[in-house]
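Trainee: Sharing a structure below in structure tokens format, with a few things to ask.
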Amino acid sequence: MRVVIIGNGPGGVELANQLSGEHEVTIVEREEVLHYSKPMLSHYIAGLVEKEKLFPYSLEWYEKKGITLNLGVKAELINRARKILITTEGEIPYDVLVIAAGARAREPTLEGKEFVHTLRTLQDAEKIKEQMEKHEEALILGGGFIALELAANFAKAGYKAKMVHRGNTLLGLDEGLTKIIVKKLECSGVEFYLNTNVLKADKDGVFTDRGYIKGKVKISAFGIIPNKEIAVRSGIHAGRGILIDDHFRTSAKDVYAIGDCAEYNGIICGTAKAAVGHARVLANILRGREDRYDFEFRSTVFKFGDFPIGIIGKTKGEGKWLDDRTKVFLEEGKIVGAVVIEDIRRAMTLEKKIKTGVSMDEL
């Protein structure tokens, strides 16, 4: 079977790895560099890891696996009738096509946005790194995990790091958990401006509804936009992302979508861990095995500088602290989620238990 994968990110490369040896696998990637770890980009910018550490797989790895890798090639159109992927370098026939095109950073819309960076690619990282080494200070706009990773890693590296967020909570968590995160990161040197709206930017900082905040290097971390364009051009149904069913099937026969570009029932998973999970489940489905991915259940471990935190399942509603590091969330007597601070092993153990529908008494 000829499997063609659009995208060499975490989902695409994992799917290729899973299916290589069993099928004829081809990857089409518009970037000109090998697969690299996007979650590690903030570490690289801060100088905490060397550039070569971003690249887990060599060109020889692809060759040994029998994976045909096309770098610097843009996928332009899917000819569904002929089962052909049309690229900037010609046509590639497929039996199964998987769109793993990822997402791009959401661009800021404020006045002076030309003074604000976004981070999604290695090229973005190189530009920001050069500026950080020159100015040694950063102003991060946003309150999600990318913003927190950047701010915490910059502070860890000895840079001045400020974080501006329009809300009063972080990561979609409650105020109590937000205060813990803020306190931990303030101790490492991050300066927070919550409930602060950015109005415009200039070369030296940002104007907000709470005054002017200085910062030569400004990075917007306002979330992602799924790369759905090839699906739309090819007549495949899309919403915010490429619409899929619970088997990752799109509206086109033998065309699937995984990772950040895919949307299931209104959900865009948005993490490298989820993309890898999608790839593993889809690999089994393509092998003819019954498998399912639980789109409703999120589980992620973040490490902000030296501060790790695990966020598991649903983290809204009724919450109870088990101890000073673990808060669980309940629905109808069952634990449906948890936040675990500075104990990743505990987080992994709890995740397994929550998936089985454990109650407080059963912990």
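Trainee: State the number of residues belonging to region 130-143 that are in a helix (DSSP H, G or I) and open to solvent by less than 50 Å² (accessible area, probe 1.4 Å).
Mentor: The number of residues fulfilling the criteria is 1.
Trainee: Right, something else. Given region 280-363, what strands (runs of 3 or more DSSP E) lie entirely inside it while holding 1 or more residues that are open to solvent by 30 Å² or more (accessible area, probe 1.4 Å) and over 27 Å from Ile244 (Cα atoms)? Steps first, please.
Mentor: On the way: elements: 299-304, 307-313, 319-323, 326-331, 334-341.
The strands (runs of 3 or more DSSP E) meeting that bar are 299-304, 319-323, 326-331, 334-341.
Trainee: Is it the case that region 16-24 has a residue that's in a helix (DSSP H, G or I) and loosely packed, with under 15 Cβ neighbours inside 10 Å?
Mentor: Step one: filter region 16-24 for residues in a helix (DSSP H, G or I), giving 16-19.
From the residues that got through so far, the ones that are loosely packed, with under 15 Cβ neighbours inside 10 Å too are none.
No, region 16-24 contains no residue that is in a helix (DSSP H, G or I) and loosely packed, with under 15 Cβ neighbours inside 10 Å.
This table checks each residue for (1) farther than 28 Å from Gly158 by Cβ; (2) among the hydroxyl-bearing types (Ser, Thr, Tyr); (3) out of contact with any Lys or Arg (no Cβ under 7 Å at 6 or more places or on another chain).
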position: Leu185; (1), (2), (3): no, no, yes
position: Asp204; (1), (2), (3): no, no, no
position: Lys218; (1), (2), (3): no, no, yes
position: Ala262; (1), (2), (3): yes, no, yes
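Trainee: If you don't mind, there's one more thing I want to ask. Given the criteria in contact (Cβ under 8 Å) with a residue 12 or more places away in the chain, open to solvent by less than 40 Å² (accessible area, probe 1.4 Å), out of contact with any strand residue (DSSP E or B) (no Cβ under 8 Å at 6 or more places or on another chain) and closer than 30 Å to Lys200 by Cα, does Tyr44 qualify? If you could, list the steps in order and put the result at the bottom.
Mentor: Numbers: in contact (Cβ under 8 Å) with a residue 12 or more places away in the chain: yes; open to solvent by less than 40 Å² (accessible area, probe 1.4 Å): yes; out of contact with any strand residue (DSSP E or B) (no Cβ under 8 Å at 6 or more places or on another chain): yes; closer than 30 Å to Lys200 by Cα: yes.
Yes: the conditions hold for Tyr44.
Trainee: Given the conditions (1) open to solvent by 30 Å² or more (accessible area, probe 1.4 Å); (2) on the phi < 0 side of the Ramachandran plot; (3) not hydrophobic (A, V, I, L, M, F, W, C), which single one is not true for Gly66?
Mentor: (2)
Trainee: Taking the options Val25, Val4, Val33, name whichever one is touching a Leu at 6+ places or on another chain (Cβ under 9 Å) and closer than 23 Å to Ile268 by Cα. Spell out the reasoning first.
Mentor: On the way: Val25 fails: closer than 23 Å to Ile268 by Cα; Val33 fails: closer than 23 Å to Ile268 by Cα.
Being touching a Leu at 6+ places or on another chain (Cβ under 9 Å) and closer than 23 Å to Ile268 by Cα holds for just one of Val25, Val4, Val33, which is Val4.
Trainee: Count, please, the residues in region 255-276 that happen to be under 14 Å from Phe297 (Cβ atoms) and assigned to a strand (DSSP E or B).
Mentor: Residues meeting the conditions: 2.
Trainee: Tell me the residue from Lys253, Lys327, Lys228, Lys334 that is among the charged types (D, E, K, R) and modelled with pLDDT under 95, please. So that I can check it myself, show each step before the final result.
Mentor: Values: Lys253 fails: modelled with pLDDT under 95; Lys327 fails: modelled with pLDDT under 95; Lys228 fails: modelled with pLDDT under 95.
Within the list Lys253, Lys327, Lys228, Lys334, the selection yields Lys334.
Trainee: Continuing with the same structure: Being open to solvent by 10 Å² or more (accessible area, probe 1.4 Å), part of a helix (DSSP H, G or I) and among the charged types (D, E, K, R) narrows it down to one of Glu52, Glu31, so name that one. Outline the logic, then answer.
Mentor: Numbers: Glu31 fails: part of a helix (DSSP H, G or I).
Within the list Glu52, Glu31, the selection yields Glu52.
Trainee: Checking the condition within 17 Å of the chain's Cα centre (by Cα) and surrounded by 16 or more Cβ atoms within 10 Å (Cβ to Cβ), which residue from Ala157, Ala147 passes? Before you say what the answer is, go through the steps one by one.
Mentor: On the way: Ala157 fails: within 17 Å of the chain's Cα centre (by Cα).
Just one listed residue meets the conditions, Ala147.
Trainee: When you check Val276 against the structure, is it touching a residue at least 24 places away in the same chain (Cβ under 8 Å) and either farther than 27 Å from Arg325 by Cα or in contact with a strand residue (DSSP E or B) (Cβ under 6 Å, 6 or more places away or on another chain) (or both), yes or no? Spell out the reasoning first.
Mentor: Details: touching a residue at least 24 places away in the same chain (Cβ under 8 Å): yes; either farther than 27 Å from Arg325 by Cα or in contact with a strand residue (DSSP E or B) (Cβ under 6 Å, 6 or more places away or on another chain) (or both): yes.
Yes; evaluated as a whole, the condition is true for this residue.
The values are calculated or read from the model by the stated rules, or taken from the named source; none is laboratory data. Everything quoted here is computed from the prediction, not taken from an experiment. With ideal geometry, Cβ positions are generated from the backbone for all residues, glycine too; neighbour counts draw on all protein chains shown. For the accessible areas, the whole protein counts, side chains as well, though only heavy atoms, and no ligand, DNA or RNA atoms are used. Shrake-Rupley method; radii C 1.70, N 1.55, O 1.52, S 1.80 Å.
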